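Following: one structure in structure tokens, then a few remarks.
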Amino acid sequence: MKGGMTHSRPWKRLKGVTDLLDVLDAHLHRPVWWPAETPFEVCAGAVLTQNTNWRNAEKALARLRAEGLLDPAAIPRTGREELETLVRESGFYRRKAETLRVLASYINERHGGRVERLSLLPTSEARRELLSLRGIGEETADAILLYACGVPVFVADAYARRLFSRTGLASGNQSYSAIRKMTERELGGDAGALGRLHALVVETGKRFCRRNPLCGECFLSGRCATGRLLSEQQNGIAEHKDEE
Ligand code: SF4
């Protein structure tokens, strides 16, 4: 056999989400996540990172911070154009400025300026309230609930859906909420574990499980259905070449 991935790596399918978390914990340093100093900063970051990478969201966050605007009381007092200019680097800046304004007003009027008070509501009600705000989708709502309010929910973002489907923990067509609920059931009420899993999944998605996956370098390849399949295909090609 020449080159490619080896046959000898034992194939051991992941038993579930807890098993995945153990493997991720064993192989990766946990990144600092969610990087924020206050609950409202989590909210602003969750809005600003929509449809863009964290680097761009951070630039906009830094500008808001410099102007003293990482504060729900200050946002509604800021002019529309000024707010749009400050968040421009995060992309979709008009929509994001408006979402920040809507979210800040909601936090002020409904929760006395403290988003963490959402945790006092039943989770389904808290999620429903957030989802009723213009510009807040499932991923943003769950990031706010988990990282700003400490509510045990899972952020089943694109990284998670891709990793779960490729490893065989979920089927490719499972919805956001199906993957969220499955993960929450398994990690039952442990907000720390749910946050850690999300952070490690994002890290794995950035380093290995990209759109074009780097299975040959990935520590999950011996536990992952897609990694296994690609390994078998490559070994088949290598053996075929040996026979020629
Ligand atoms: S082995 Fe490949 S498909 Fe599986 S998690 Fe790693 S990079 Fe993704």
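The condition of being closer than 21 Å to residue 92 by Cβ, modelled with pLDDT of 95 or more and touching a Ser or Thr at 6+ places or on another chain (Cβ under 9 Å) holds for only one of 24, 69, 20, that being 69. In segment 218-232, the residues that are without any contact (Cβ under 8 Å) to a residue 24 or more places away in the chain reach residues that are near the ligand (Cβ under 8 Å from one of its atoms) and part of a helix (DSSP H, G or I) with C-beta atoms within less than 7 angstrom, at least six apart or across chains, in these pairs: 218/227. Is it true that some residue in segment 54-62 is of a type in the set (A, V, I, L, M) and closer than 19 Å to residue 137 by Cα? Checked against the condition, which is being of a type in the set (A, V, I, L, M) and closer than 19 Å to residue 137 by Cα, segment 54-62 yields at least one hit. Would segment 165-184 turn up any residue that is within 16 Å of the ligand (Cβ to nearest atom), surrounded by fewer than 14 Cβ atoms within 10 Å (Cβ to Cβ) and not assigned by TED's automatic domain parsing to the domain that holds residue 14? No: segment 165-184 contains no residue that is within 16 Å of the ligand (Cβ to nearest atom), surrounded by fewer than 14 Cβ atoms within 10 Å (Cβ to Cβ) and not assigned by TED's automatic domain parsing to the domain that holds residue 14. Within segment 96-133, the set of residues being under 19 Å from residue 38 (Cα atoms) and not in a helix (DSSP H, G or I) comprises 112, 113, 114.
Scan segment 37-51 and tell me whether some residue there is in contact with a Leu (Cβ under 7 Å, 6 or more places away or on another chain), more than 27 Å from residue 127 (Cβ to Cβ) and either free of Cβ contacts under 8 Å to residues at least 60 places away in the same chain or buried (at least 16 other Cβ atoms within 10 Å of the Cβ) (or both). No; the residues of segment 37-51 include none that is in contact with a Leu (Cβ under 7 Å, 6 or more places away or on another chain), more than 27 Å from residue 127 (Cβ to Cβ) and either free of Cβ contacts under 8 Å to residues at least 60 places away in the same chain or buried (at least 16 other Cβ atoms within 10 Å of the Cβ) (or both). Scanning for something touching a Ser or Thr at 6+ places or on another chain (Cβ under 9 Å), surrounded by fewer than 22 Cβ atoms within 10 Å (Cβ to Cβ), modelled with pLDDT of 95 or more and more than 22 Å from residue 56 (Cα to Cα), does segment 133-148 turn up at least one residue? The answer is yes; a qualifying residue exists.
The values are calculated or read from the model by the stated rules, or taken from the named source; none is laboratory data. Note that this is a predicted model, so its numbers are computed, not measured. In this analysis, Cβ positions are derived from the backbone assuming ideal geometry, glycine residues included, and neighbour counts consider all displayed protein chains.
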